[in-house]
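Quick notes on the structure that follows.
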Amino acid sequence: MRSELMLCACIGIFLILNLNVNNAVIFRFTNVVCESHNKSWVLWQNCRLKAISRSKVILNMNATVVYPANRVKIHLKLYKKANGFKPWLLERNVDACRFMRQQYDPIMKIVYGLFKDFTNVNHTCPYMGSQIVKGFYLRPELLTLPFPTGDYMLAMRWYFGMSASPTADTNVSFSFVEDLLKST
């Protein structure tokens, strides 16, 4: 009886602390830069942030893929700010067409899980026409990995077709602040 009571008390304390910690997290966009290296493949109509409140910034992107893209590769790099965005924490190459069929890459699965509710990029290759991300904001409850407080940049270099040269770049900067002192 006593051990059951202790277990219930521990679970209750954990739930209370967990709910309060979510209020102490600020997870928001700080900058976005989209660039097309090959305008015959990709044209950017919109790539901007809009501040809704102090802690909520939404991202709107609209890119037109001119020709059917049957092969899409993404080179991901995650940087942490320390006297500029210098050292990378993570570097991955992902086959986007294969990922949309199998979701084989755990890091890309986290990134895609953050924005999949806000986009029409939810099918396999070929990609053609408008590829839209609208009203996307960062939600800390979807972040499944522990993240240290800081400013970060996710740099994505897109390769379409058989080309060895990049087709487009998307650099998204964000801030993650976890203030546990505010949670009490």
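Rule-based calculations on the coordinates, nothing more; no lab input. These numbers were taken from a predicted model, which means no experiment stands behind them. Because the Cβ atoms are built from the backbone with ideal geometry, glycine has one as well, and the counts that use them run over all protein chains shown.
When each of TYR104, TYR137 is tested for being of a type outside the set (A, V, I, L, M) and exposed (fewer than 12 other Cβ atoms within 10 Å of the Cβ), the lone residue that passes is TYR104. Does ILE132 meet the test of being among the aliphatic types (A, V, I, L, M), surrounded by 13 or more Cβ atoms within 10 Å (Cβ to Cβ), under 25 Å from SER40 (Cβ atoms) and in contact (Cβ under 8 Å) with a residue 12 or more places away in the chain? Yes: the conditions hold for ILE132.
Taken together, the residues in the stretch 103-147 that are of a type in the set (D, E, K, R) and in a loop (DSSP other than H, G, I, E, B) amount to 2.
Does TYR152 satisfy the criteria of being in contact with a strand residue (DSSP E or B) (Cβ under 6 Å, 6 or more places away or on another chain), surrounded by 13 or more Cβ atoms within 10 Å (Cβ to Cβ), of a type in the set (Phe, Trp, Tyr) and assigned to a strand (DSSP E or B)? Answer is yes for this residue.
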